[in-house]
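Notes for the one structure printed next.
The values are calculated or read from the model by the stated rules, or taken from the named source; none is laboratory data. Keep in mind that this is a model prediction, so the values were computed, not measured. Positions of Cβ are generated from backbone atoms using ideal geometry, with glycine treated the same way; all protein chains shown enter the neighbour counts. Protein only, heavy atoms only, side chains kept; ligands, DNA and RNA dropped before computing areas. Shrake-Rupley method; radii C 1.70, N 1.55, O 1.52, S 1.80 Å.
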Amino acid sequence: MTGLNTILIVVGLFLLGGVYSFVKQKMPASLIVLLSFGAVMCLIAGVMRLEVWN
């Protein structure tokens, strides 16, 4: 596990926390969709960089 995939996974989890917070605050749906898309992309990129796939 390298530094970059750890950072990507942590950023993705941080953004997921932001999605949860925005949903609780009843923010606009387009903003929530955009933030959740970024969170999912960070998590996927971090998981795909793990060495277990090789």
For this session: Keeping every protein chain in place, order MET41, MET27, MET48 by accessible area at 1.4 Å, biggest value first, i.e. largest first.
Result: MET48, MET41, MET27
Problem set entry | Accessible-area composition of the chain, carbon plus sulfur, in percent [1.4 Å probe] | 78
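Hey, what did the chain get for relative contact order, percent, Cα under 8 Å, at least 6 apart?
Values: 45 pairs, mean separation 30.6, N = 54.
Once divided by the residue count of the chain, the mean separation gives 57 percent.
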Exercise. Where a ≥ b ≥ c are the square roots of the eigenvalues of the C-alpha gyration tensor, would you call the chain rounded, which needs a/c under 1.5, or, failing that, prolate if a/b is larger than b/c, or oblate?
Worked result: prolate
For this session: Using DSSP to define loop residues, name the trypsin sites (Lys or Arg not before Pro) in the chain whose beta-carbon has at most 16 other beta-carbon atoms within 10 Å.
Result: LYS26, ARG49
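Probe of 1.4 angstrom, ligands and nucleic acids ignored: what's the accessible area per residue over the chain, in square angstrom? Can you show the working numbers first?
Numbers: 4010 Å² over 54 residues.
For the chain, the solvent-accessible area averages 74 Å² per residue.
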For this session: Determine how large the accessible area of ILE7 is when every protein chain is in place; take a 1.4 Å probe and give Å² rounded to the nearest 10.
Result: 100
Exercise. So what's the back-of-envelope 222 nm ellipticity for the chain, counting only DSSP H runs of four-plus at -39500 (n - 2.57) apiece and dividing by all residues, rounded to 500?
Worked result: -27000 deg cm²/dmol
